[in-house]
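Visitor: One structure, pasted below without further comment.
The values are calculated or read from the model by the stated rules, or taken from the named source; none is laboratory data. The shown structure was predicted, so the numbers you read here are calculated from the model rather than taken from an experiment. Using ideal geometry, Cβ is built from the backbone for each residue, glycine included, and neighbour counts are taken over all protein chains shown.
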Amino acid sequence: MDISALAIFAAALFVAAVIPGPGIAAIVARVLARGRQGAVAFCLGVALGDVIWLGFAVAGLAVLAKSFAMVFMIVKYAGAAYLVYLAWKMWTAPADAGLAGLDQPASEQRVGLMLGGLAVTLGNPKTMVFYLALLPNIIALETVTVLGYLELSLVALTVLGGVLGGYCVLAERARRLISTPRAVRLLNRSAGSLIAGAAVAVATR
């Protein structure tokens, strides 16, 4: 695919991704409250959701996506419900509980977090609008081949990895400033409230 087209796509996606939304809020809140454990899995789910929406756009399935509005509605509410669950876990976590999810196998926790991130992205109207409405004005999608889709997907994963990773690093650094049990409890509840707000944003848009 033409380098200039990939560069335009990368720039547009970076601008869209760097603007905080429900996914960013959930990632930041989780890292603030629980550190980096599970953050990669959640970020991967978010990024895979973008690749799926990109696939719909490239394949010209915008009408089909609208036809399956009920399916995406269910996915949206599933993502919102998962965020509510995370919010509850953080709000009720003891200040000295350490990392969340220690009562679950690590592999099971990673899969759940990845599916949660995927659901949040698939149900996020901002992501849907970017790929199905704005992207066709940026790139001539009718000329994109299978190889071109793979190149766009690689660019998307790279850009999103950088943006989401940057938010994770900043949240991790902020977390290191918190040390006392009272501050940890306050952070847990603040993070829980932030994630609950993200759930409301996902469910009501």
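Visitor: Out of all the residues in segment 146-169, which are over 29 Å from Arg36 (Cα atoms) and free of Cβ contacts under 8 Å to residues at least 60 places away in the same chain?
Guide: Val146, the sole residue that qualifies.
Visitor: Taking segment 83-122 only, how many residues are at pLDDT 75 or above and outside any helix (DSSP H, G or I)?
Guide: Total satisfying the criteria: 0.
Visitor: Can Val129 be described as at pLDDT 85 or above and aliphatic (A, V, I, L, M)?
Guide: Numbers: at pLDDT 85 or above: no; aliphatic (A, V, I, L, M): yes.
No, not satisfied.
Visitor: Would you confirm whether any residue within segment 170-192 is outside any loop (DSSP other than H, G, I, E, B), within 16 Å of the chain's Cα centre (by Cα), modelled with pLDDT under 90 and among the β-branched types (Val, Ile, Thr)?
Guide: Looking through segment 170-192, none of the residues is outside any loop (DSSP other than H, G, I, E, B), within 16 Å of the chain's Cα centre (by Cα), modelled with pLDDT under 90 and among the β-branched types (Val, Ile, Thr).
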